[in-house]
Amino acid sequence: MLLPGPPDAEGPSSLEPPADVADARDRVVVRMLALWARSVQRDAHSYYQAASKAVWTDRAIDYGEEWSPTEDDLARVLEDVWVRGYRLVMSAYQMERWSRAHQQITGGSEQSDDQLRMLRNTIEHLDEASFTDLVAQRGPLDPKNKRKKWSIDELPGKELFLGFDAGFTEAAFGLVNLRDVTTRARLYAQLDAPDEPSFDDYVPESYDSGSD
(Lines give C-alpha, C1' and ligand atoms only; values in the text may rest on other atoms or scores of the structure.)
Protein backbone atom coordinates (compact mmCIF):
# COMPACT_ATOMS: atom_id res chain seq x y z
CA MET A 1 0.00 0.00 0.00
CA LEU A 2 1.47 3.34 -1.02
CA LEU A 3 -0.09 5.36 1.78
CA PRO A 4 -1.12 4.16 5.25
CA GLY A 5 -4.82 3.62 5.77
CA PRO A 6 -6.80 4.31 8.93
CA PRO A 7 -5.79 1.99 11.79
CA ASP A 8 -7.84 -1.20 12.17
CA ALA A 9 -9.72 -0.47 8.96
CA GLU A 10 -11.41 -3.56 7.54
CA GLY A 11 -12.50 -1.98 4.28
CA PRO A 12 -13.01 1.31 2.49
CA SER A 13 -13.68 4.00 5.09
CA SER A 14 -16.64 6.31 5.09
CA LEU A 15 -16.38 9.92 6.17
CA GLU A 16 -14.23 10.09 9.27
CA PRO A 17 -14.81 12.27 12.31
CA PRO A 18 -12.69 15.43 12.36
CA ALA A 19 -10.18 14.03 14.88
CA ASP A 20 -9.55 10.99 12.72
CA VAL A 21 -9.22 13.18 9.66
CA ALA A 22 -6.49 15.16 11.40
CA ASP A 23 -4.71 11.95 12.41
CA ALA A 24 -4.92 10.65 8.85
CA ARG A 25 -3.44 13.86 7.49
CA ASP A 26 -0.51 13.62 9.89
CA ARG A 27 0.20 10.05 8.77
CA VAL A 28 -0.03 10.94 5.08
CA VAL A 29 2.25 13.96 5.48
CA VAL A 30 4.90 11.85 7.22
CA ARG A 31 4.60 9.11 4.61
CA MET A 32 4.82 11.46 1.64
CA LEU A 33 7.74 13.40 3.08
CA ALA A 34 9.71 10.19 3.64
CA LEU A 35 8.73 8.87 0.20
CA TRP A 36 10.03 11.96 -1.59
CA ALA A 37 13.13 12.14 0.57
CA ARG A 38 14.06 8.62 -0.51
CA SER A 39 13.33 9.58 -4.10
CA VAL A 40 15.73 12.53 -3.77
CA GLN A 41 18.46 10.18 -2.58
CA ARG A 42 17.94 7.85 -5.53
CA ASP A 43 17.58 10.64 -8.08
CA ALA A 44 20.67 12.48 -6.83
CA HIS A 45 22.75 9.31 -7.21
CA SER A 46 21.24 8.62 -10.64
CA TYR A 47 21.97 12.16 -11.79
CA TYR A 48 25.56 11.99 -10.50
CA GLN A 49 26.17 8.79 -12.46
CA ALA A 50 24.91 10.36 -15.70
CA ALA A 51 26.80 13.61 -15.15
CA SER A 52 30.03 11.75 -14.39
CA LYS A 53 29.57 9.67 -17.54
CA ALA A 54 29.11 12.86 -19.55
CA VAL A 55 32.38 14.27 -18.23
CA TRP A 56 34.21 11.03 -19.03
CA THR A 57 32.65 10.80 -22.52
CA ASP A 58 33.62 14.36 -23.39
CA ARG A 59 37.20 13.77 -22.21
CA ALA A 60 37.47 10.45 -24.02
CA ILE A 61 36.40 12.04 -27.31
CA ASP A 62 39.36 14.41 -27.06
CA TYR A 63 41.74 11.43 -26.97
CA GLY A 64 40.67 10.50 -30.51
CA GLU A 65 41.49 6.81 -30.01
CA GLU A 66 39.80 3.91 -31.77
CA TRP A 67 37.92 3.16 -28.58
CA SER A 68 36.83 6.77 -28.08
CA PRO A 69 33.08 7.50 -28.07
CA THR A 70 31.56 9.70 -30.74
CA GLU A 71 29.77 13.04 -30.62
CA ASP A 72 26.52 11.11 -31.10
CA ASP A 73 27.36 9.09 -27.97
CA LEU A 74 27.89 12.32 -26.07
CA ALA A 75 24.58 13.72 -27.26
CA ARG A 76 22.73 10.69 -25.92
CA VAL A 77 24.56 10.91 -22.61
CA LEU A 78 23.69 14.59 -22.24
CA GLU A 79 20.03 13.82 -22.90
CA ASP A 80 20.19 11.40 -19.98
CA VAL A 81 21.76 14.08 -17.78
CA TRP A 82 18.94 16.49 -18.59
CA VAL A 83 16.16 13.99 -17.86
CA ARG A 84 17.73 12.77 -14.62
CA GLY A 85 18.35 16.35 -13.54
CA TYR A 86 14.69 17.17 -14.06
CA ARG A 87 13.65 14.14 -12.02
CA LEU A 88 15.87 15.32 -9.19
CA VAL A 89 14.40 18.82 -9.34
CA MET A 90 10.87 17.44 -9.12
CA SER A 91 11.72 15.08 -6.24
CA ALA A 92 13.48 17.85 -4.33
CA TYR A 93 10.60 20.24 -4.95
CA GLN A 94 8.07 17.72 -3.64
CA MET A 95 10.26 17.03 -0.60
CA GLU A 96 10.35 20.76 0.14
CA ARG A 97 6.56 21.09 -0.10
CA TRP A 98 5.93 18.12 2.19
CA SER A 99 8.58 19.27 4.64
CA ARG A 100 6.68 22.53 5.02
CA ALA A 101 3.48 20.59 5.63
CA HIS A 102 5.34 18.54 8.25
CA GLN A 103 6.63 21.68 9.93
CA GLN A 104 3.06 22.91 10.25
CA ILE A 105 2.22 19.72 12.16
CA THR A 106 5.29 19.78 14.39
CA GLY A 107 5.34 23.51 14.96
CA GLY A 108 8.70 23.96 13.27
CA SER A 109 9.67 27.08 11.40
CA GLU A 110 8.72 26.95 7.72
CA GLN A 111 11.49 27.30 5.17
CA SER A 112 11.24 27.68 1.44
CA ASP A 113 13.84 27.11 -1.26
CA ASP A 114 12.82 29.85 -3.65
CA GLN A 115 15.50 29.04 -6.22
CA LEU A 116 14.37 25.41 -6.39
CA ARG A 117 10.79 26.55 -6.90
CA MET A 118 11.83 28.96 -9.65
CA LEU A 119 13.90 26.27 -11.38
CA ARG A 120 11.04 23.82 -11.24
CA ASN A 121 8.61 26.40 -12.67
CA THR A 122 11.09 27.36 -15.38
CA ILE A 123 11.51 23.79 -16.59
CA GLU A 124 7.77 23.15 -16.41
CA HIS A 125 7.15 26.13 -18.73
CA LEU A 126 10.32 25.89 -20.80
CA ASP A 127 8.30 25.49 -23.99
CA GLU A 128 7.17 29.11 -23.55
CA ALA A 129 10.72 30.50 -23.33
CA SER A 130 12.95 32.19 -25.91
CA PHE A 131 16.16 30.41 -26.85
CA THR A 132 19.68 30.96 -28.05
CA ASP A 133 22.01 28.07 -28.81
CA LEU A 134 23.08 27.97 -25.17
CA VAL A 135 20.41 29.47 -22.93
CA ALA A 136 16.68 29.85 -22.38
CA GLN A 137 15.33 33.26 -21.41
CA ARG A 138 12.02 35.02 -20.81
CA GLY A 139 9.60 34.23 -23.61
CA PRO A 140 8.54 36.64 -26.33
CA LEU A 141 5.82 39.18 -25.66
CA ASP A 142 2.39 37.72 -26.27
CA PRO A 143 -0.71 39.94 -25.98
CA LYS A 144 -2.75 36.85 -25.08
CA ASN A 145 -0.40 35.94 -22.23
CA LYS A 146 -1.03 38.28 -19.33
CA ARG A 147 1.65 36.75 -17.13
CA LYS A 148 3.47 39.51 -15.26
CA LYS A 149 6.28 37.44 -13.76
CA TRP A 150 8.57 34.79 -15.20
CA SER A 151 10.30 32.34 -12.88
CA ILE A 152 13.27 32.26 -15.23
CA ASP A 153 13.87 35.93 -14.38
CA GLU A 154 14.59 34.84 -10.79
CA LEU A 155 17.40 32.48 -11.82
CA PRO A 156 21.04 33.68 -11.92
CA GLY A 157 21.49 35.84 -15.00
CA LYS A 158 17.74 35.61 -15.68
CA GLU A 159 18.36 32.55 -17.84
CA LEU A 160 18.71 28.77 -17.80
CA PHE A 161 21.88 27.33 -19.31
CA LEU A 162 20.96 24.55 -21.73
CA GLY A 163 24.40 23.03 -22.03
CA PHE A 164 26.57 21.03 -19.65
CA ASP A 165 29.59 22.06 -17.64
CA ALA A 166 32.03 19.83 -15.76
CA GLY A 167 30.93 21.48 -12.52
CA PHE A 168 27.44 20.13 -13.08
CA THR A 169 28.55 16.84 -11.51
CA GLU A 170 28.19 18.71 -8.21
CA ALA A 171 24.93 20.53 -8.97
CA ALA A 172 22.06 19.68 -11.32
CA PHE A 173 21.62 22.49 -13.85
CA GLY A 174 24.43 24.16 -11.94
CA LEU A 175 21.87 25.14 -9.27
CA VAL A 176 20.73 22.13 -7.20
CA ASN A 177 23.72 21.13 -5.07
CA LEU A 178 23.79 17.35 -4.68
CA ARG A 179 25.49 17.40 -1.30
CA ASP A 180 23.00 19.87 0.15
CA VAL A 181 19.89 18.17 -1.17
CA THR A 182 20.94 14.67 -0.07
CA THR A 183 21.95 15.94 3.36
CA ARG A 184 18.46 17.37 3.75
CA ALA A 185 16.85 14.19 2.44
CA ARG A 186 18.58 12.11 5.12
CA LEU A 187 16.65 14.03 7.77
CA TYR A 188 13.37 12.64 6.47
CA ALA A 189 14.11 9.39 4.63
CA GLN A 190 13.23 7.15 7.59
CA LEU A 191 10.58 9.37 9.11
CA ASP A 192 7.84 6.83 8.39
CA ALA A 193 9.87 3.86 9.63
CA PRO A 194 12.37 5.06 12.27
CA ASP A 195 13.08 1.54 13.54
CA GLU A 196 13.87 0.14 10.10
CA PRO A 197 17.45 -0.04 8.74
CA SER A 198 18.42 3.25 7.14
CA PHE A 199 17.94 3.68 3.41
CA ASP A 200 20.99 2.35 1.63
CA ASP A 201 21.86 5.30 -0.57
CA TYR A 202 25.30 5.50 -2.14
CA VAL A 203 26.70 9.00 -1.93
CA PRO A 204 29.74 9.74 -4.13
CA GLU A 205 32.61 11.12 -2.09
CA SER A 206 32.69 14.33 -4.10
CA TYR A 207 29.41 15.50 -2.60
CA ASP A 208 29.22 13.38 0.54
CA SER A 209 27.71 15.61 3.21
CA GLY A 210 30.10 14.11 5.73
CA SER A 211 33.23 15.13 3.86
CA ASP A 212 35.08 18.41 4.37
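Model label sites at residue 66 and residue 49, defined 7 Å from Cα along the beta-carbon direction, differ in position by 3.0 nm.
Residues in the range 59-72 carry Karplus couplings, in order, of 5, 5, 4, 5, 5, x, 7, 4, 7, 5, x, 9, 4, 5 Hz; the curve used is 6.51 cos²θ - 1.76 cosθ + 1.60 with θ = phi - 60°, and Gly or Pro positions show x.
Let me know the charge dipole size of the range 101-165 about its Cα centre in debye, to the nearest 20, where only the beta-carbon of Lys, Arg (+1) and Asp, Glu (-1) is charged.
Values: 9 positive and 12 negative charges, 80 e Å.
That gives the range 101-165 a dipole magnitude of about 380 debye.
Based on the Cβ-Cβ distance of residue 73 and residue 133, what FRET efficiency does E = 1/(1 + (r/R0)^6) give at R0 = 30 Å, to the nearest 0.05? Write out the running numbers ahead of the final one.
Working: r = 21 Å, r/R0 = 0.69.
My answer for the efficiency is 0.90.
Solvent exposure of the range 15-171 amounts to 60 Å² per residue of accessible area, where only protein heavy atoms count and the probe is 1.4 Å. Between residue 165 and residue 105, the contour length at 0.36 nm per residue exceeds the alpha carbon distance by 17.5 nm.
Computing FRET efficiency as 1/(1 + (r/R0)^6) for residue 28 and residue 149, where r is the C-beta to C-beta distance and R0 is 41 Å, gives about 0.85.
With only alpha-carbon atoms in the gyration tensor, what are the semi-axes of the equivalent ellipsoid for the range 59-190, in Å, largest first?
Working: eigenvalues 189, 114, 22 Å².
The equivalent ellipsoid of the range 59-190 has semi-axes of 31, 24, 10 Å.
Distant-in-sequence amide contacts of residue 135, defined by a placed amide H-H separation under 5 Å and a gap of 5 or more residues or a different chain, comprise 162. The figure for residue 132 is an accessible area of roughly 70 square angstrom, using a 1.4 Å probe on the protein chains alone. Database remark: amide H of residue 171 closer than 5 angstrom to the amide H of 178 (H placed geometrically; neighbours at sequence offset of 5 or more, or on other chains; Pro and chain starts carry no H).
Phi-derived couplings, Karplus 6.51 cos²θ - 1.76 cosθ + 1.60 at θ = phi - 60°, listed residue by residue for the range 38-48: 5, 5, 4, 4, 5, 5, 5, 5, 4, 5, 4 Hz, with x used for Gly and Pro.
Sequentially through the range 83-97, phi angles give Karplus couplings (6.51, -1.76, 1.60; θ = phi - 60°) of 5, 5, x, 5, 4, 5, 4, 5, 5, 5, 5, 5, 4, 5, 5 Hz, Gly and Pro residues having no value and appearing as x.
The values are calculated or read from the model by the stated rules, or taken from the named source; none is laboratory data. Predicted model only: the values in this text are computed from it and were never measured. Every residue, glycine as well, gets a Cβ built from its backbone with ideal geometry; the counts of neighbours run over all protein chains shown. Ligands, DNA and RNA are excluded from the accessible area calculation, which covers all protein heavy atoms including side chains. Shrake-Rupley method; radii C 1.70, N 1.55, O 1.52, S 1.80 Å.
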